[in-house]
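All remarks here apply to the structure that follows.
The values are calculated or read from the model by the stated rules, or taken from the named source; none is laboratory data. All values reported here derive from a predicted model rather than from experimental measurement. Don't worry about glycine lacking a Cβ; one is built from the backbone with ideal geometry, like all the others, and counts go over all protein chains shown. Surface areas here come from the heavy atoms of the whole protein model, side chains and all, with no ligands, DNA or RNA. Shrake-Rupley method; radii C 1.70, N 1.55, O 1.52, S 1.80 Å.
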Amino acid sequence: MTTLGILLVLVLLLVVFGLLFRLQILTSIFSGSSTREVGVSNRVNAILCIIFLVVGGAAFAWSFVDNYDKMNPPIASVHGHATERMFWTTMVILGIVFTLTQVLLFVYSYKYQHKEGRRAFFFPHNNKIEVIWTLIPAIVMAGLVFAGWKEWTRITGPAPKDAIVLEVMGKQFNWLVRYPGRDQKLGLVNYRLIDATNEFGFDLSDQNGIDDFVAPEIHVPKGHPVLLKIRSRDVLHAVYMPHFRVQMYAVPGMPTKFWFTPTKTTDEMRAQLGNPKFNYELACNQICGRGHFAMKLNIVVDDPEDYVNWFAAQKSFSEQNPDVLASFKQKSEKPVMKEAAAVVPAAAKASL
């Protein structure tokens with residue numbers, strides 16, 4: 001509180017001094033003793049505009065080149081190349097417009113600095129210019145939006161029928177992964193069933209979910225479509241897989257999806273990068289709370305044969321948690337026993 005109080009006092013003093021300075025200028029104007037003088041500072045500021053343009057532009061170019069590899073990890077999915085082309089097309093167009101406008105801004109500030117005897121030209125309106133600088137951006141933006149919409153509908157639309165399906169659920173502060181079993185059908189889940197053991201909320205009364213299993217990391221086969229079904233258990237998260245150019249929000253109460261086809265195994269990417277410790281990663285790029293830093297998960301891209309072997313070695317959730325399965329069986333048997341008990345008295349009455 002002491003520091004805040006000192007800051008407030010300093011701010012108030014600056015405001016008071018500013019008002020006093022302004023009051024002195026107004027008094028001079030009304031008394032007729034104020035003269036408008038343009039000193040050397042005007043030319044200094046004009047020169048500083050050019051220096052800022054050159055130095056700032058050079059610093060931006062250096063930063064961009066130096067961090068290019070960090071911003072653009074190698075692509076490891078089929079759709080990633082189309083996404084990359086679309087991204088850089090957009091960046092080139094915006095970069096040209098940005099560079100042009102900034103150069104004109106600072107050069108004009110220098111060229112048309114104040115000089116005695118020179119008056120600014122009043123240019124109120126020009127219909128031709130208005131039409132040109134409205135139509136050109138509109139056409140360019142429409143093209144970019146259409147290209148983006150086309151690619152977006154493809155990767156969020158229906159996946160190929162032979163796609164491998166898995167579900168990713170974000171929660172504070174880790175990711176949960178669920179695979180369908182041999183029937184290739186994900187069973188029902190119910191948030192009311194979530195506890196320390198059943199974190200997904202498996203409803204084992206649904207036969208499709210009996211063979212579902214959870215995994216500590218994501219495994220997908222190279223060259224095969226993969227459909228991610230995405231949801232959140234608490235707050236907004238984001239499924240971000242930079243090498244696959246995958247970005248999709250995990251929204252509470254609103255399932256989302258995204259499908260892609262991996263093109264490089266983990267081993268192939270390690271060889272390409274010369275890094276034997278490299279792993280594909282699923283990260284959350286939304287600030288989802290204090291433990292946000294822990295929201296990451298390894299992704300392993302296997303050869304198809306290795307993926308089949310890995311899949312066959314997994315045990316279902318019901319096999320790993322027989323107590324949970326037994327409790328569901330008990331619940332399902334109780335209604336049957338009650339129904340049988342009600343039938344016996346009815347049959348006895350009929351015999352009488």
Breaking point among (1) open to solvent by less than 70 Å² (accessible area, probe 1.4 Å); (2) among the charged types (D, E, K, R); (3) within 22 Å of Met71 (Cα to Cα), for Asp234: (3)
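So that you can scan it fast, the table gives a plain yes or no per residue for (1) open to solvent by less than 60 Å² (accessible area, probe 1.4 Å); (2) polar (S, T, N, Q); (3) under 25 Å from Pro74 (Cα atoms):
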{"position": "Met248", "(1), (2), (3)": "yes, no, yes"}
{"position": "Met254", "(1), (2), (3)": "no, no, no"}
{"position": "Lys257", "(1), (2), (3)": "no, no, yes"}
{"position": "Met295", "(1), (2), (3)": "yes, no, yes"}
{"position": "Val300", "(1), (2), (3)": "yes, no, yes"}
{"position": "Asp306", "(1), (2), (3)": "no, no, yes"}
Subset of the stretch 109-160 (residues that are of a type in the set (Asp, Glu) and more than 29 Å from Val78 (Cα to Cα)): Glu116, Glu130
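Would you check if Phe98 is part of a helix (DSSP H, G or I), surrounded by 11 or more Cβ atoms within 10 Å (Cβ to Cβ), free of Cβ contacts under 8 Å to residues at least 12 places away in the same chain and not aliphatic (A, V, I, L, M)?
For Phe98, the condition - part of a helix (DSSP H, G or I), surrounded by 11 or more Cβ atoms within 10 Å (Cβ to Cβ), free of Cβ contacts under 8 Å to residues at least 12 places away in the same chain and not aliphatic (A, V, I, L, M) - is met.
Quick grid of which residues meet (1) in contact (Cβ under 8 Å) with a residue 24 or more places away in the chain; (2) more than 16 Å from the chain's Cα centre (by Cα); (3) open to solvent by less than 30 Å² (accessible area, probe 1.4 Å):
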| position | (1), (2), (3) |
| --- | --- |
| Ala271 | no, yes, no |
| Lys277 | no, yes, no |
| Leu282 | yes, no, yes |
| Trp310 | yes, yes, no |
Those residues of the stretch 226-249 which are part of a loop (DSSP other than H, G, I, E, B) and either touching a helix residue (DSSP H, G or I) at 6+ places or on another chain (Cβ under 9 Å) or without any contact (Cβ under 8 Å) to a residue 24 or more places away in the chain (or both), in sequence order: Arg233, Arg245
Residues satisfying the stated conditions in the stretch 114-139, i.e. assigned to a helix (DSSP H, G or I) and of a type in the set (Asp, Glu): Glu130
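Answer yes or no: is there a residue in the stretch 147-155 that is over 24 Å from Met254 (Cβ atoms) and under 23 Å from the mean Cα position of the chain (by Cα).
Yes, that holds for at least one residue.
Working carefully through the options Ile164, Ile139, Ile132, find the one that is open to solvent by less than 70 Å² (accessible area, probe 1.4 Å) and among the aliphatic types (A, V, I, L, M).
Result: Ile164 is the single residue among Ile164, Ile139, Ile132 that is open to solvent by less than 70 Å² (accessible area, probe 1.4 Å) and among the aliphatic types (A, V, I, L, M).
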Filtered residues of the stretch 142-161 (kept if among the aliphatic types (A, V, I, L, M) and open to solvent by 50 Å² or more (accessible area, probe 1.4 Å)): Ala142, Val145
Filter pass, Val214 being farther than 30 Å from Leu94 by Cα, at pLDDT below 95, open to solvent by 10 Å² or more (accessible area, probe 1.4 Å) and part of a strand (DSSP E or B): yes
